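> Sharing a structure, written as structure tokens. Questions coming.
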Amino acid sequence: MLWGLALGLQWARGDWAGGWSGHQDEASHFVSGVMVHDYIASHLGEAPMPFAERYYEHYPKVAIGHWPPGFYALQAVWYFLFPPGLLPALWLMAGIVSATGWVMVQEIRRFAPSLALPCAVLWLVLPPIRANAEKVLAEPLITLLSLLALCCFARYLETPHACWTILFGLLASMAILTKGTGFALALVPPLAIVFTRRWDLLRRWSFWIPAAIVA
């Protein structure tokens, strides 16, 4: 339902018929995702660097290296379901912001069930979120991964089992591989200890698992 709402908002704004947004990074993100798809689809086994250099000669917007490859790997998988283009790319972005809303529903439902769905709908209609959903950018994906990572660490504070810190480390790594701002998640464990005064967690080996995974 949330995905349908996000798609409806895109359609209502005319995003499906209005062309690309013109954001300076959008072309690089899109072309890089298509390049990864094309490499996997028809050139897997070939040395990736020569392929990327040839691709860049035709489409000089390849940005892998300037940004990590996580967002482009997700796009590549998506383009095996739908052919690369403006509409499939926008459908993917709507799906990502909707998935973030779904995570919010699951978390808010634990404390205020009646507010869970309204909060997710509010999330989707906020102007900055709608603006992100109409562009092919990495920010929505890193938002989703960061939120999931935070939820896992919150579970660890409630029930200090290693599975939660393993998930936190994996999701933090995925966020970092999406955009460098994912390194901000490194502040979560120390700040959580300070604010909750759970100093005993520092003596648990499970607390240090995320650092090892990210490293």
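The values are calculated or read from the model by the stated rules, or taken from the named source; none is laboratory data. Keep in mind that this is a model prediction, so the values were computed, not measured. Surface areas here come from the heavy atoms of the whole protein model, side chains and all, with no ligands, DNA or RNA. Shrake-Rupley method; radii C 1.70, N 1.55, O 1.52, S 1.80 Å.
> Rounded to the nearest 10 Å², what accessible area does ASP15 show when all protein chains are kept and the probe is 1.4 Å?
20
> Could you go through the stretch 79-91 in sequence order and give the Karplus-derived ³J(HN,Hα) for each residue, using 6.51 cos²θ - 1.76 cosθ + 1.60 with θ = phi - 60°, rounded to whole Hz, and x for Gly and Pro?
Those phi angles translate into 6, 7, 8, 10, x, x, x, 4, 5, x, 5, 5, 4 Hz.
> Residue-wise, which Karplus ³J(HN,Hα) couplings in Hz belong to the stretch 24-30, taking 6.51 cos²θ - 1.76 cosθ + 1.60, θ = phi - 60°, and x for glycine or proline?
Using θ = phi - 60°, the values come out as 5, 9, 5, 4, 5, 5, 5 Hz.
> Another one. For TRP67, what residues show an amide H to amide H distance below 5 Å, using hydrogens built from the backbone and excluding near sequence neighbours?
Distant-sequence amide H within range of TRP67: zero hits.
> When the chain is fully extended, how far beyond the present Cα-Cα distance does ALA211 get from VAL125, taking 0.36 nm per residue of separation?
Once the chain is fully extended between ALA211 and VAL125, it gains 27.4 nm.
> Could you go through the stretch 143-152 in sequence order and give the Karplus-derived ³J(HN,Hα) for each residue, using 6.51 cos²θ - 1.76 cosθ + 1.60 with θ = phi - 60°, rounded to whole Hz, and x for Gly and Pro?
With coefficients 6.51, -1.76 and 1.60, one gets 5, 4, 5, 5, 5, 4, 4, 4, 4, 5 Hz.
> Another question, then. How much accessible area per residue does the stretch 77-157 have, in Å², with a 1.4 Å probe?
42
> At a 1.4 Å probe radius, which order do TRP102, TRP16 fall into by accessible area, largest first?
These residues rank, largest area first, as TRP102, TRP16.
> Between the stretch 1-51 and the stretch 92-127, how far is it from one alpha carbon centroid to the other, in angstrom?
So the two Cα centres are separated by 24 Å.
> So what is the 222 nm mean residue ellipticity for the chain from helices alone, if each DSSP H run of at least 4 adds -39500 (n - 2.57) and you divide by all residues, rounding to the nearest 500 deg cm²/dmol?
-21500 deg cm²/dmol
> With a ≥ b ≥ c taken as the square roots of the eigenvalues of the C-alpha gyration tensor of the stretch 99-171, please select rounded if a/c is under 1.5 and otherwise prolate if a/b is larger than b/c or oblate if it is not?
Oblate is the answer for the stretch 99-171, as a/c is 1.5 or above yet b/c matches or exceeds a/b.
> Identify which of THR196, THR159, THR100 has the largest mean-square fluctuation in a Gaussian network model of the chain, with springs joining Cα atoms closer than 10 Å.
Result: THR196 has the largest fluctuation of those listed.
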